[in-house]
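First the structure, in the form of structure tokens, and then the observations on it.
The values are calculated or read from the model by the stated rules, or taken from the named source; none is laboratory data. Here the structure is a predicted model, which is why all the values come from computation and not from measurement. Every residue, glycine as well, gets a Cβ built from its backbone with ideal geometry; the counts of neighbours run over all protein chains shown. Ligands, DNA and RNA are stripped out before the accessible areas are found, and what is left, the full protein with its side chains, is counted by its heavy atoms. Shrake-Rupley method; radii C 1.70, N 1.55, O 1.52, S 1.80 Å.
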Amino acid sequence: RIHRLSPAVVEREFFDKVLRQEAASSEQDFKQKLQARILQNKQQEADFFLEQSIQATLLKKAAIALPDDFLKGWLQEKNDTVPKEQIEMYYQQYAKELQWHLLVAALSKEHGLQVTHEEIADEVQHRLQAAFDSREVVQQLSENNMAQLIQNFLQKNHGENYSKVHESLHARKLINLIKDQIKIVTQE
């Protein structure tokens, strides 16, 4: 077989494939919306990098000491099927996550940061909208259906999803609090 590739015709069908149905009506509109989407993705990457930098700096400054030998033994006992070498290999990552959770808890208590159930439900609804990639689909769901969908998601995996969303919102609130108190230097 011989396959030949040719450039797509720049028309409505192409715009719909790249963006979604009826997202752009002209080439100029398409370029503007595509540029906006790319900038949004780059902004998310920049925000993630900033959050990781803040987290690394806080962990370095806090220097939370952990009982490493005890924790390694506890991990080995809890995960008796996992080889000791593997626990050694991943221990630093585990320790860093534990230190971060301890730091978040301490700073949250100090600043009175809390996450409400309504905030968690709003976050899940926002994530569902992003997953559907269309507000129209979400708007077509009745309030009861949306509430049931959110409730089912939060209860899935014995409430593990609820805990994960709660942790991410809690950490985001803390990062936003810290962002308000520091000077951020922008680099191109």
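In this entry, Gln35 is excluded by the filter for residues that are modelled with pLDDT of 90 or more, within 27 Å of the chain's Cα centre (by Cα), surrounded by 10 or more Cβ atoms within 10 Å (Cβ to Cβ) and under 18 Å from Lys173 (Cα atoms).
Evaluate the following for Ala8: is it surrounded by 10 or more Cβ atoms within 10 Å (Cβ to Cβ), more than 26 Å from Val104 (Cβ to Cβ) and in contact with a Lys or Arg (Cβ under 7 Å, 6 or more places away or on another chain)?
Working: surrounded by 10 or more Cβ atoms within 10 Å (Cβ to Cβ): yes; more than 26 Å from Val104 (Cβ to Cβ): yes; in contact with a Lys or Arg (Cβ under 7 Å, 6 or more places away or on another chain): no.
For Ala8, the condition - surrounded by 10 or more Cβ atoms within 10 Å (Cβ to Cβ), more than 26 Å from Val104 (Cβ to Cβ) and in contact with a Lys or Arg (Cβ under 7 Å, 6 or more places away or on another chain) - is not met.
Could you list, in sequence order, the residues of region 77-103 that are in a helix (DSSP H, G or I), open to solvent by less than 60 Å² (accessible area, probe 1.4 Å) and either closer than 21 Å to Leu177 by Cα or modelled with pLDDT under 85 (or both)? Matches in region 77-103: Ile87, Leu98, Gln99, Trp100, Leu103.
Inclusion of Ala36 among residues that are small (Gly, Ala, Ser) and farther than 20 Å from His101 by Cβ is warranted. Quick check on region 44-66. Is at least one of its residues at pLDDT 85 or above, surrounded by 14 or more Cβ atoms within 10 Å (Cβ to Cβ) and among the basic types (Lys, Arg)? Scanning region 44-66, I find no residue that is at pLDDT 85 or above, surrounded by 14 or more Cβ atoms within 10 Å (Cβ to Cβ) and among the basic types (Lys, Arg), so the answer is no.
Taken over region 1-56, residues that are out of contact with any helix residue (DSSP H, G or I) (no Cβ under 8 Å at 6 or more places or on another chain), of a type in the set (S, T, N, Q) and outside any loop (DSSP other than H, G, I, E, B) amount to 9. Does region 60-83 contain any residue that is under 30 Å from Ile175 (Cβ atoms) and in contact (Cβ under 8 Å) with a residue 60 or more places away in the chain? Among the residues of region 60-83, not one is under 30 Å from Ile175 (Cβ atoms) and in contact (Cβ under 8 Å) with a residue 60 or more places away in the chain, which makes the answer no.
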